[in-house]
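One structure is given below, encoded as structure tokens.
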């Protein structure tokens, strides 16, 4: 099939328009370091590392932790909140819970906005500290 340049022009324009949203999408790395939450007497350590894909709103995470009072019973992304502020759950993290856990979640448009603005944190909840024993404020890297 031989198409003239004139016939190809509309096809090329349509391809550019279809690719435009992809050009604007990006992968945004994020991270946070765990510290004590809610006046705990333990000294939790560890970190959260991940990537937000702005084209699909997928949040891929890796969570490592140690020195908690007991097993993690629940884990969540909370927001919108800056460091030192409290907020509700915006993205539950499913179990089983263990250091080294990882997964991929789909974020709402608001959750994406909060992640990009540095207004989220990950909270680890234990039996001794049901409101949260360890908190990692999330900071986007780009």
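Computed from the coordinates by the stated procedures, all read-outs in this text should not be read as laboratory data. Just so it is clear, the structure is predicted and the values come from calculations on it, not from any experiment. Cβ placement follows ideal geometry from the backbone for every residue including glycine, while neighbour counts extend to all protein chains displayed.
Using a Förster distance of 22 Å, how high is the FRET efficiency between residue 27 and residue 98, based on the Cβ-Cβ distance and rounded to 0.05?
0.25
How much FRET efficiency would the formula 1/(1 + (r/R0)^6) give for residue 41 and residue 73, where r is the Cβ-Cβ distance and R0 is 22 Å, rounded to 0.05? Before the final figure, lay out each step's value.
On the way: r = 18 Å, r/R0 = 0.83.
Efficiency, rounded to the nearest 0.05: 0.75.
Separation between the residue 56 and residue 83 pseudo-spin-labels, each 7 Å from Cα along Cα→Cβ, expressed in nm?
3.2 nm
Just order 61-67, 76-82, 94-100 by mean Cβ neighbour count inside 10 Å, highest at the front, would you?
By packing density, highest mean first, the sequence is 76-82, 61-67, 94-100.
Sort the range 25-140 into rounded, prolate or oblate with this rule: let a ≥ b ≥ c be the square roots of the eigenvalues of the Cα gyration tensor; rounded if a/c is under 1.5, and if a/c is not under 1.5, prolate when a/b is larger than b/c, oblate otherwise.
Judged from the Cα gyration tensor, the range 25-140 comes out prolate (a/c at least 1.5, a/b above b/c).
To the nearest 0.05, what FRET efficiency results for residue 64 and residue 128 with a Förster distance of 22 Å applied to their C-beta separation?
On the way: r = 20 Å, r/R0 = 0.92.
Once the sixth-power term is evaluated, E becomes 0.60.
Take each of the peptides 42-52, 108-118, average the number of other beta-carbon atoms within 10 Å over its residues, and list them starting from the highest. Before the final figure, lay out the partial values.
Details: 42-52: 18.4, 108-118: 16.2.
Top to bottom by mean Cβ count within 10 Å: 42-52, 108-118.
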